[in-house]
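Here, each number is a calculation from the coordinates, and none is a lab measurement. Remember, it's a predicted structure, so these values are computed and weren't measured experimentally. With ideal geometry, Cβ positions are generated from the backbone for all residues, glycine too; neighbour counts draw on all protein chains shown.
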Amino acid sequence: MSTDLIIAVDGPAASGKGTIAARLAAHYDLPYLDTGLLYRAVGLAVLAAGCDLDDPEQAAVAARSLDLAALDDPALIGRAAGDAASRVAFHPPVREALLALQKDFAAQPGGAVLDGRDIGTVIAPEADVKIYVTADPDVRAERRWKQLVNRGETVAFETILEDIRERDARDAGRDAAPMVAAQDAVLLDTSDLAIDAAFEAACRIVEEARARKG
Ligand code: C5P
């Protein structure tokens, strides 16, 4: 068996998947890609150009000319970027434009950790470990609400809960690479877990998968 280690972490918004994936990457000394940032950057680029998020071709133009240097823009973490991301991610030509970059990242020598919605199903179906992180929508909404308030955004909890439900429905209901657990993914429900406990549970999943593969 190769010693490469590809870890795919998928799940809905504010499930804890990003934090878990980043910590796994640090723990196993692997490069990490938050693929949600790609869709967020495309969404913001479409808005900045005054184009229509729901027009597949206009969104695909932005995806094809994505500036990877813009992925550290703090605006990408905001609420508007999350909504815009989910709307452009709906379009197959946008997903197609971002496919090779993500597949190449996953296939680099040594392995990688990627998080998103379709890593275990589309981007890296060959991943050594697949974790599907989930949590109750109310718990996720509360986490996201606290995050946004700490960043200085003024927004009601109910608005965030509605955002989360709407985004879950759009991400899970689309035809192209819908948000779904891969058949061979291990489910990790973080509803009752603090982040350290969630990370430890994820490490156990990785170790068990590695042991199984010998
Ligand atoms: O993970 P994050 O909340 O940053 O993702 C923003 C949006 O980008 C998601 O709601 C989803 O629509 C889209 N996305 C996707 N596929 C991925 C990563 C993100 O469709 N691999």
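Work through the residues other than residue 169 whose Cβ is under 12 Å from its Cβ and net out their charges, Lys, Arg +1 and Asp, Glu -1. Result for the local shell: -1.
With point charges of +1 on the Cβ of Lys and Arg and -1 on the Cβ of Asp and Glu, referenced to the Cα centre of the chain, which listed residue (91, 70, 33) lies farthest in the positive direction of the dipole? Result: 33. Applied to region 8-25, the Karplus parametrisation 6.51 cos²θ - 1.76 cosθ + 1.60 on θ = phi - 60° returns per-residue 3J(HN,Hα) values of 9, 10, 10, x, x, 4, 6, 7, x, 5, x, 5, 4, 5, 5, 6, 5, 4 Hz, with x for Gly and Pro.
Given +1 on the Cβ of Lys and Arg, -1 on the Cβ of Asp and Glu, and no further charges, what dipole in debye does the chain carry about its Cα centre, rounded to the nearest 20?
Roughly 220 debye, rounded to the nearest 20.
When each of 132, 28, 39 is scored by the number of other beta-carbon atoms lying within 10 Å, the sequence from fewest to most is 28, 132, 39. Taking a ≥ b ≥ c as the square roots of the eigenvalues of the Cα gyration tensor, an a/c ratio of 1.5 or more together with a/b no larger than b/c marks region 5-213 as oblate.
Backbone amide hydrogens, once placed in the peptide plane, bring residue 181 within less than 5 Å of nothing, excluding anything fewer than 5 places away on its chain. Close amide H pairs (under 5 Å, H built 1.01 Å from N) link residue 118 with no residue at least 5 positions away or on another chain.
Amide H to amide H distances under 5 Å link residue 186 with 130, 131, 132, where only residues 5 or more positions off or on other chains count and H is placed in the peptide plane. Applying a DSSP loop filter and a limit of 10 other Cβ atoms within 10 Å to the trypsin sites (Lys or Arg not before Pro) in region 145-214 leaves nothing. In order along region 61-72, the Karplus-derived 3J(HN,Hα) couplings, from 6.51 cos²θ - 1.76 cosθ + 1.60 at θ = phi - 60°, round to 4, 5, 5, 5, 10, 4, 9, 5, 5, 8, 6, 9 Hz, and Gly and Pro are given as x. At a threshold of 8 angstrom on Cα-Cα distance, excluding pairs fewer than six apart, so keeping six or more, what relative contact order does region 5-213 reach in percent? For region 5-213, the relative contact order is 33 percent.
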